[in-house]
1. Give the residue, chosen from Gly181, Gly197, that is open to solvent by less than 20 Å² (accessible area, probe 1.4 Å), at pLDDT below 95 and touching a helix residue (DSSP H, G or I) at 6+ places or on another chain (Cβ under 7 Å).
2. Answer yes or no as to whether Val352 is buried (at least 16 other Cβ atoms within 10 Å of the Cβ), out of contact with any strand residue (DSSP E or B) (no Cβ under 6 Å at 6 or more places or on another chain) and either over 23 Å from Gly416 (Cβ atoms) or modelled with pLDDT under 95 (or both).
3. For the range 143-164, which residues satisfy the criterion of being part of a loop (DSSP other than H, G, I, E, B), farther than 29 Å from Pro395 by Cβ and hydrophobic (A, V, I, L, M, F, W, C)?
4. Restricting to the range 30-59, what's the tally of residues that are surrounded by 21 or more Cβ atoms within 10 Å (Cβ to Cβ) and not hydrophobic (A, V, I, L, M, F, W, C)?
5. Collect the residues in the range 60-73 that are small (Gly, Ala, Ser) and either part of a loop (DSSP other than H, G, I, E, B) or open to solvent by 30 Å² or more (accessible area, probe 1.4 Å) (or both), keeping them in residue-number order.
6. Is there a residue being more than 24 Å from the chain's Cα centre (by Cα) and of a type in the set (Ser, Thr, Tyr) anywhere in the range 179-198?
7. Based on this model, can you work out whether Gln204 counts as modelled with pLDDT of 95 or more, closer than 30 Å to Thr496 by Cβ and either touching a helix residue (DSSP H, G or I) at 6+ places or on another chain (Cβ under 9 Å) or open to solvent by less than 40 Å² (accessible area, probe 1.4 Å) (or both)?
8. Can you pull out every residue in the range 372-407 that is open to solvent by 40 Å² or more (accessible area, probe 1.4 Å), under 16 Å from Pro158 (Cα atoms) and out of contact with any Ser or Thr (no Cβ under 9 Å at 6 or more places or on another chain)?
Amino acid sequence: MKPIERSPDMYDPRDPHPDELVSRLGRWSAGRGPLYLLLAARLRRLVDEGALPPGALLPPDRRLAKALAVGRTTVVAAYDTLRQEGRLVRRQGSGTRVARPALAPEAPGGTNTLPGAETHRGTETARVSETSNPLFLHLLEAPDDVILLSCAAPAQPPPELAESYRSLVLPDGDLGYHPAGLGVLRAAVAARYTARGVPTDPEQILVTTGAQQGLSLLTRLLLAPGDGVLVEAPSYPGALDLFREAAAVPLPVAVGPDGLDVAEAVRVMERHRPALAYVVARFQNPTGTVLPPLAGRRLVAAANALGVPLVDDEVLGDLAFDTAPDSASASPTSSGEPASGESPSLSAYGEVIAVGSLSKVVWGGLRIGWVRGPVSLVSRLARLKALHDLGCDVPSQLVAARLLDDFAAVRAARLGALRAGHAHLRAELARLLPSWSCAPATGGQTLWVRLPHGDGVSFAQLALRHGVAVLPGATADALGGSVRRLRLHFLLPPETLTEAVRRLAAAWAEYTPGPGPERSSLRGFTV
């Protein structure tokens, strides 16, 4: 039988998914000039930097055009521009590839993935050494007129932070190297856990450069290439990036209205015995859901019984809208749970590795986070951290300890701003984009929006050309779902949020997506 000839527009599951390239392109369309020249310029930069290596197969014209929400002629013209420069090779029947150097040998089997792809235990897994998430890539772009609704973090520090720095007194007779963290800060963090019904010793706390470093250290310590890692779908893209870097195999479990499907998570742990399970139990990122206490108990009990290390990302846990201002320091009840009535930490139910940070309550620029876990684990993490930075910045740790002494006031002010921003953004969406739907949040700092049609990746590209950056849901979903979802934060001033929604409405009025699947393949993970 004659083999079927594959046209450039036929999708091969081995090809890099267009969403991966779209993420790497960043804010390619924010400059001046024809779109095809702007696209060619950004592709040229990716090729010259090696982010698109020689031999890499680029998406077919139509597929990339759909993902970028542009006409096919824009992509064809951009590809042809780079072909004329000798950076791309386009052949009928074999698609568009990055050109190879004149004498470069062909890699065995050819190269058709983005850099760092490896195969482990019979499963093709993308191992990367740099992020391709729009969440982070937008932060690397030069300042412009784009309103960032993609990265959710306080827009400015509270006045208490500057005051703490002004009155700072540095210690005498101290080398300044504390890989596990300053004792005063470890004690302050431990005291907060104890007040929440989770008795904690300072030796159980590792101070990190933000929660992201805490997750990075845990990934390096606990995951090897090919290991399984249970993740929520969708989940925090920054954690998914780390698991990709480790070449781990994701085991996604869907998140519903009440958070993680714990019954399915238990089945996955029983079946696969993953090397790690990663969850966001309170104000889940990006959906905003809260795992009910009984479900949390069952999850922890199952993970402990099966010997699966369970990591609970608590970065957003302090941002409950209906919490009394002083509840963070409320004394625990006789049952061991907080007197405030808020959902307790998963750590109250058994052995859990908790990751926290001051970035969402105080400011992202205060790079102070922590890991709470067994003393033996914290000791190993401290030795690993010493390889990288010998410890966090001492002045920042001293300031963080001082802020934790009077955390209620800082937290109350942040919650007031979040409540107001949440109400304002929902009102503006209802006024200007009534066909979009989203449930009200009970905490956190984002809305999980559903589009009535189309897909978030292509709409996000059109929104960029209208001057607003949003996070497409598919980039956070290892199950390939959340295609019609966007994550929008409400941390900007009211007038800026109004302008952002106005721009989104203008983009939506122009948006005419073609037919497409309800699910997307998140090619950053596995095939």
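The values are calculated or read from the model by the stated rules, or taken from the named source; none is laboratory data. From a predicted model like this one, the values you see are computed outputs, not experimental measurements. Cβ sites come from the backbone with ideal geometry, for glycine too, and all protein chains shown count toward neighbours. Surface accessibility is based on the protein's heavy atoms, side chains included, excluding ligands, DNA and RNA. Shrake-Rupley method; radii C 1.70, N 1.55, O 1.52, S 1.80 Å.
1. Gly197
2. In short, no.
3. Restricting attention to the range 143-164, the residues satisfying the condition of being part of a loop (DSSP other than H, G, I, E, B) are 143-146, 149-158.
Cutting the leftovers down to farther than 29 Å from Pro395 by Cβ gives us 144-146, 149-150.
Answer for the range 143-164, where residues must be part of a loop (DSSP other than H, G, I, E, B), farther than 29 Å from Pro395 by Cβ and hydrophobic (A, V, I, L, M, F, W, C): Val146, Leu149.
4. Total meeting the criteria: 1.
5. Across the range 60-73, the qualifying residues are Ala69, Gly71.
6. Yes, the range 179-198 contains a residue that is more than 24 Å from the chain's Cα centre (by Cα) and of a type in the set (Ser, Thr, Tyr).
7. Judged against the criteria, Gln204 is not a match.
8. Selection gives Asp405, Asp406.
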